[in-house]
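Inspection log for the structure reproduced underneath, given as structure tokens.
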Amino acid sequence: MVQKGPTVGGNGGSPFEIFRDQPVQQVDLWYGRGSGDNFKQFTVLKGIEVRWPGVAEPGRAGFRPNDKNHDVLHTSFDFENNGNEKLEWMDIFGSAGRVDSLRFMTDRQHEGDYFAAGGVGGSICVQPAVGRKLCGFFGRAGDDIDKLGAVFD
């Protein structure tokens with residue numbers, strides 16, 4: 001059975017749920033300037049793609065360019081052992097309108113060495129990740145990730 005963490009962000013875009021009752025093997029994130037006049041000056045999460053072991057079709061939300069778009073950056077994280085890597089912590093940063101960044105550390109990373117994608121602003125939303133495996137995400141998205149929360153085993 002999975003548990004959803006709290007969300008941070010706004011109410012734009014459409015709702016999405018990209019999670020399964022199994023750990024995530026890979027997370028891809030795209031980030032860049034926010035869409036809309038009020039968010040162009042901020043770096044925000046634009047899109048997310050999640051893959052699980054043995055599942056052909058990934059879960060997707062938000063904007064993911066098909067080719068090289070120099071305005072949008074991409075990064076990914078591969079969980080070891082088919083996703084059976086536990087989290088030490090996970091934080092999602094956001095504002096009243098967008099999600100700025102996602103940051104986490106697993107039990108296989110060294111102290112101070114953590115994964116981060118997105119901008120540097122926003123308020124912290126601590127996820128209930130300690131000792132758990134990531135199963136996916138939920139929230140709202142359009143051209144940006146407007147709201148985001150994580151799902152754990």
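The values are calculated or read from the model by the stated rules, or taken from the named source; none is laboratory data. These numbers were taken from a predicted model, which means no experiment stands behind them. Note that we place each Cβ from the backbone using ideal geometry, even for glycine, and neighbour counts take in every protein chain shown.
So here's what we get for this one:
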| quantity | calculated |
| --- | --- |
| Residue check, Gln26 under 12 Å from the mean Cα position of the chain (by Cα), surrounded by fewer than 18 Cβ atoms within 10 Å (Cβ to Cβ) and at pLDDT 95 or above | yes |
| Among the candidates Val2, Val8, residue that is of a type outside the set (D, E, K, R), surrounded by 13 or more Cβ atoms within 10 Å (Cβ to Cβ) and within 16 Å of Asp153 (Cα to Cα) | Val2 |
| Conditions (1) closer than 18 Å to Phe115 by Cβ; (2) of a type outside the set (S, T, N, Q); (3) surrounded by fewer than 17 Cβ atoms within 10 Å (Cβ to Cβ); (4) in contact with a helix residue (DSSP H, G or I) (Cβ under 7 Å, 6 or more places away or on another chain); number of the one not met by Pro53 | (1) |
| Enumeration of residues in the stretch 1-59 that are charged (D, E, K, R) and touching a residue at least 12 places away in the same chain (Cβ under 8 Å) | Lys4, Glu17, Arg20, Asp21, Asp28, Arg33, Lys46, Glu49, Arg51 |
| Meets criteria (surrounded by 20 or more Cβ atoms within 10 Å (Cβ to Cβ), among the small types (Gly, Ala, Ser) and under 23 Å from Pro58 (Cβ atoms)) for Gly136 | yes |
| Selected residue (criterion: surrounded by the fewest Cβ atoms within 10 Å (Cβ to Cβ)) from residues of the stretch 103-129 that are among the β-branched types (Val, Ile, Thr) and over 18 Å from Gln25 (Cα atoms) | Val120 |
| Single match in Asn81, Asn66 (criterion: modelled with pLDDT under 95 and within 23 Å of Gln3 (Cα to Cα)) | Asn81 |
